[in-house]
1. Which chymotrypsin sites (Phe, Trp or Tyr not before Pro) does the stretch 57-159 hold that lie in a coil by DSSP with at most 14 other beta carbons within 10 Å?
2. Considering only protein heavy atoms and a 1.4 Å probe, what is the carbon-and-sulfur percentage of the accessible area of the stretch 48-197?
3. Simple spin-label model, 7 Å along Cα-to-Cβ: Y133 to Q322 in nm?
4. Label-point separation (nm) for D195 and E333, each offset 7 Å from Cα along Cα-to-Cβ?
5. Assuming R0 = 30 Å, what is the FRET efficiency of T274 and D100, from their Cβ-Cβ distance, to the nearest 0.05?
6. Can you work out the accessible area per residue across the stretch 92-186, with the rest of the protein chains kept in place, probe 1.4 Å, in square angstrom?
7. In whole angstrom, how far apart do the alpha carbon centroids of the stretch 263-298 and the stretch 43-84 sit?
8. Please get the size of the charge dipole for the stretch 240-344, origin at its Cα centre, with Cβ charges of +1 on Lys and Arg and -1 on Asp and Glu, quoted in debye to the nearest 20.
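The values are calculated or read from the model by the stated rules, or taken from the named source; none is laboratory data. Everything quoted here is computed from the prediction, not taken from an experiment. Cβ: placed from backbone, ideal geometry, glycine included. Neighbour counts: every protein chain shown. To get the accessible areas, we keep the full protein, side chains included, count just its heavy atoms, and leave off ligands, DNA and RNA. Shrake-Rupley method; radii C 1.70, N 1.55, O 1.52, S 1.80 Å.
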Amino acid sequence: MLRPCVAKLSSCLQVLSICLLGFVSLSTNGATSLAEASIANEYQGSSFDRIKHIVFESPYRELPQYRVDRKHFGKKGKGKDNYVLEAGKRTLSVRHDLLDFPNKQKLFQANGICFAGDWIIDQRSPFTGQFSYLTNTPVIARASVALSGTKQKNKRAFGFALKLFPSPSKNIAVPTLNAFVMHSLSGTVTKHVLDLTMDNEPPLNGLPPFSQLGVAYRLLRDFSRADKEISQQKPDVGFRPISHLAVVNSKGENIVLDKIISPRWLRLRPHGDTPRADKNDFRDELRLENYPNQQLSWAIEVGYVENIDNSDSDKIKKSKAQWQEIGQLVVNESVASAACDQQLHFSHPTLN
C-alpha cells in the first residue's frame, strides 16, 4: 500500500511544481483542439506598442501581495466554476495576449514584474526563425514566482515568460510567440534571483512546502481532466518546447518547412558582471532603476544534441547537450502593475 501512495504523491508534487510555474501545457502533440479551432478566427495578434502601453500605463504605488491558495480554485467537478479546470483549458486553447483573469489575479504566478526589451541574436548558428543570426525582435517579459512568497527568506520558484513580437514594425499586430524558462520547479532560497540561470527543462530541486500537498492533488486531477477533455492526450510535464520559435523570422514570415532547424533547449544566463541589488522582494530587486543604464541582460544560450532531431525527441537528455551562446535578451524598461499581474496572458506552446 505504501509504495503506490508514495508514487502518487511524487506525481502530485511534480505536477504542482510545474503548474504553479506555468510549465503545464496540456499537450495536443501537434493536433488542433476544438477550443483552438473555435477561436482561430478571433485572434489576429497584437502589436508590441499596444501591449506595452497597456502593461506600463498604470504602475502600482505599492506592491501588492497576492495570495495563492485553494479558495481561488473554485468548486470541484467539471463545471465552469472549477477555475483550475478552466485555467487548464484556457492555457491550451486561448492565444490572446490580454485576458481578464477570474478573481482579478492569476491562479498561480500571481506576483510578478514586467519588462520591455529586445531579443537579439548576434552569433551565427544553424538554427532558424528567432534563433537565426541578426534577429532583433521586440519582447515583453514577465518575471514571477510560484505561490505567495516573494521575499529572500522564501523558497522562490523563479522564472520568465517571454512574449516575442515578430513584426516589421512595433505598431503592427502579429501573432506572438511565447516561451518559458525557469530555474527550478520547486524553487530555491537565494538572496538574488539574478544569480539564477533559467532554462526550458528545469530540475525539480526538492519538494514544495508540505502544506501544498492538497493543492498538488487538486491540480493533478483537474489538469488531467482538462487534458482528457480537450486534447485527448496526457500532459507532458517538466519540458516546454521552443521549436515554434524556429518557424517565424523577425519580420513575421514563416520559414519553409524543410528549412526549419530548432535547438531543443533554451537557457538564459545572467551576465557575470551585472551588479546585484540587495532588495528583499524580487520585484524590487529587478527594478531597472537599480542597474547601470537602467538595463538588464541575459545571455541567450541554446542546447542541442548533434545528429538527432532536437525539436521533438522525448528521449534526449539535457545532460548530453552541447550549448552555444547566440545572443542576448536585453530589457530597458520595467514595471510592476495590475495589467502585468492581472491581464497579460502567455499561451503555452503545444508539443510537436
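1. Of the chymotrypsin sites (Phe, Trp or Tyr not before Pro), the ones in loops of the stretch 57-159 whose Cβ has at most 14 other Cβ atoms within 10 Å are Y60, Y133.
2. 48
3. For the pair Y133/Q322, the computed spacing is 1.7 nm.
4. Once both label points are built, they end up 3.2 nm from each other.
5. 0.25
6. Accessible surface, normalised per residue, equals 31 Å².
7. 24
8. 340
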